[in-house]
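To keep things clear, I will list the structure first and then write my remarks on it.
The values are calculated or read from the model by the stated rules, or taken from the named source; none is laboratory data. Everything numeric here is computed off the predicted structure, so don't read it as measured data. With ideal geometry, Cβ positions are generated from the backbone for all residues, glycine too; neighbour counts draw on all protein chains shown. Note: accessible area is taken over every heavy atom of the protein model, side chains too, but ligands, DNA and RNA are not part of it. Shrake-Rupley method; radii C 1.70, N 1.55, O 1.52, S 1.80 Å.
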Amino acid sequence: MLARRALLAAPLLAPAVLRAQGAWKPSRPVTMVVPFAAGSGTDTVARMLGSLLEQDWGIQVVIDNRPGANGAIAAVAAARAAPDGHTVMITTNSPHGATPALMKRPTYDAVADFSPLSRMGTYIFVFAVNDQVPVRSMQEFLALAKTQPGQLTCASGNTTGVVGAAMLNRIGGIDVTHVPYRSSPPAMTDVIAGRVTSMFADVASSRAFLQEGRLKPLGITSAQRTPLFPDWPALSEVGLPGFEMLSWMGAVGPARMPEEVVGAWNAAIRKVWDRPETVRRLGEVGIEKVTTTPAEFGAFIRQQIAFWGEQARAAGIEPE
């Protein structure tokens with residue numbers, strides 16, 4: 001009797017991702033909208049996911065880069081797509097966290113216009129400077145900035161960089177000039193060339209330059225050091241007390257995506273993301289792997305919108 005009750009209860013207790021596993025797969029090429037340019041960290045990981053899904057599904061996955069407006073352009077495009085599972089967006093804390101707080105008139109609703117599929121990982125962001133800047137630590141950078149108010153610069157290609165630059169000035173008590181870009185790759189190009197002093201860079205797109213010494217890492221944005229790069233201090237421990245920014249990525253589809261499609265996407269992401277080889281490859285580009293249920297990711301997005309809004313207001317950033 002107990003076994004029979006358990007069997008009857010299972011469909012009610014099991015999450016949708018388990019009920020839907022294997023029930024749906026794409027019948028034509030899938031479009032994966034990416035809110036940043038080719039070569040960015042988000043693009044790197046999206047292409048990794050797309051390649052793995054192509055192998056499992058036997059269906060082509062097309063990467064559609066739509067940079068600009070801190071992810072809003074891509075978000076609008078994804079929200080307007082048919083909710084049939086053939087268009088998804090690889091999102092981050094920009095379009096589904098900070099951007100809604102940075103826009104006076106948001107062009108999309110980061111909650112109502114989307115179907116959460118799964119959170120996918122946490123980025124390691126590092127504050128790095130051009131190799132010619134005469135500093136070896138964050139404390140030395142802060143000291144230099146205080147002697148040259150307004151002369152040092154900080155590039156940004158996403159909202160992590162926008163909010164990070166404002167927090168750097170506020171917590172560090174300095175005046176570094178913010179230089180915005182449409183995406184991280186061109187911002188990094190100018191930092192490496194010496195046209196801009198510094199930036200908050202994702203390791204996925206900057207690791208080669210960090211290894212070559214063309215960028216000098218001074219600290220990471222997470223609250224604590226990461227085992228992926230244990231020698232890099234947290235900024236909060238090297239002169240910026242309380243500094244913390246959680247940068248993340250995940251997958252969403254348009255609103256009203258059928259439950260079985262949401263579940264199938266979640267199962268497909270978990271399947272390829274949980275492989276040891278995938279975890280290793282993600283770690284190499286500075287991504288700590290995460291997977292969640294769709295409901296967990298939806299709750300996380302709502303929390304992140306509130307968090308990034310608070311950070312933007314505390315940093316004195318006016319919506320535009």
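Looking across the stretch 186-215, the residues that are over 22 Å from the mean Cα position of the chain (by Cα) and crowded, with 20+ Cβ neighbours inside 10 Å come down to Val196, Thr197. When the stretch 219-239 is filtered for residues that are charged (D, E, K, R) and in contact with an Asp or Glu (Cβ under 9 Å, 6 or more places away or on another chain), only Arg225 remains. For the stretch 224-237, the tally of residues that are in contact with a strand residue (DSSP E or B) (Cβ under 6 Å, 6 or more places away or on another chain) and open to solvent by 20 Å² or more (accessible area, probe 1.4 Å) stands at 4.
Give the residue that is surrounded by the fewest Cβ atoms within 10 Å (Cβ to Cβ), with candidates limited to residues of the stretch 304-320 that are out of contact with any Lys or Arg (no Cβ under 6 Å at 6 or more places or on another chain) and either at pLDDT 95 or above or of a type in the set (A, V, I, L, M, F, W, C) (or both).
Restricting to residues being out of contact with any Lys or Arg (no Cβ under 6 Å at 6 or more places or on another chain) and either at pLDDT 95 or above or of a type in the set (A, V, I, L, M, F, W, C) (or both), the top hit is Ala306.
Residues being within 28 Å of Ser247 (Cα to Cα) and open to solvent by less than 60 Å² (accessible area, probe 1.4 Å) are entirely absent from the stretch 18-28. Candidates are the residues of the stretch 54-92 that are open to solvent by less than 10 Å² (accessible area, probe 1.4 Å) and more than 16 Å from the chain's Cα centre (by Cα); the one that is nearest to Met32 (Cα to Cα) is Ala78.
Looking only at the stretch 233-254, decide whether some residue is among the hydrophobic types (A, V, I, L, M, F, W, C), at pLDDT 95 or above and over 24 Å from Ser94 (Cβ atoms). For the stretch 233-254, residues among the hydrophobic types (A, V, I, L, M, F, W, C), at pLDDT 95 or above and over 24 Å from Ser94 (Cβ atoms): present. Might you check whether a residue that is closer than 30 Å to Val176 by Cβ, without any contact (Cβ under 8 Å) to a residue 24 or more places away in the chain, of a type in the set (A, V, I, L, M) and not in a loop (DSSP other than H, G, I, E, B) occurs anywhere in the stretch 294-314? Within the stretch 294-314, one or more residues are closer than 30 Å to Val176 by Cβ, without any contact (Cβ under 8 Å) to a residue 24 or more places away in the chain, of a type in the set (A, V, I, L, M) and not in a loop (DSSP other than H, G, I, E, B).
From the list Met249, Met245, which residue is part of a loop (DSSP other than H, G, I, E, B) and either touching a strand residue (DSSP E or B) at 6+ places or on another chain (Cβ under 6 Å) or open to solvent by less than 10 Å² (accessible area, probe 1.4 Å) (or both)?
Met245
Taking the listed residues Ala98, Ala165, the one that is surrounded by 23 or more Cβ atoms within 10 Å (Cβ to Cβ), in contact with a Cys (Cβ under 8 Å, 6 or more places away or on another chain) and assigned to a helix (DSSP H, G or I) is Ala165, with no other qualifying. If you go through the stretch 175-215 and keep only what is among the β-branched types (Val, Ile, Thr), over 14 Å from Ala38 (Cα atoms) and in a helix (DSSP H, G or I), you end up with Val191, Ile192, Val203. Got a number for residues in the stretch 140-157 being assigned to a helix (DSSP H, G or I), surrounded by fewer than 23 Cβ atoms within 10 Å (Cβ to Cβ) and of a type outside the set (Val, Ile, Thr)? Of the residues in the stretch 140-157, 5 are assigned to a helix (DSSP H, G or I), surrounded by fewer than 23 Cβ atoms within 10 Å (Cβ to Cβ) and of a type outside the set (Val, Ile, Thr). Of everything in the stretch 101-130 that is part of a loop (DSSP other than H, G, I, E, B) and of a type in the set (Lys, Arg), the residue that is most open to solvent (accessible area, probe 1.4 Å) is Arg105. Within the stretch 260-269, is there a residue that is open to solvent by less than 10 Å² (accessible area, probe 1.4 Å), out of contact with any strand residue (DSSP E or B) (no Cβ under 7 Å at 6 or more places or on another chain) and not aliphatic (A, V, I, L, M)? So far as the stretch 260-269 goes, yes, one or more of its residues are open to solvent by less than 10 Å² (accessible area, probe 1.4 Å), out of contact with any strand residue (DSSP E or B) (no Cβ under 7 Å at 6 or more places or on another chain) and not aliphatic (A, V, I, L, M). Within the stretch 218-225, the presence of at least one residue that is among the hydrophobic types (A, V, I, L, M, F, W, C) and either under 16 Å from the mean Cα position of the chain (by Cα) or in a helix (DSSP H, G or I) (or both) is confirmed.
Kindly establish whether Pro134 is crowded, with 24+ Cβ neighbours inside 10 Å, not hydrophobic (A, V, I, L, M, F, W, C) and not in a strand (DSSP E or B). No: the conditions fail for Pro134.
Being of a type in the set (A, V, I, L, M) and surrounded by 18 or more Cβ atoms within 10 Å (Cβ to Cβ) is the filter here; which residues of the stretch 270-289 pass it?
Within the stretch 270-289, Leu282, Val285, Ile287 meet the criteria.
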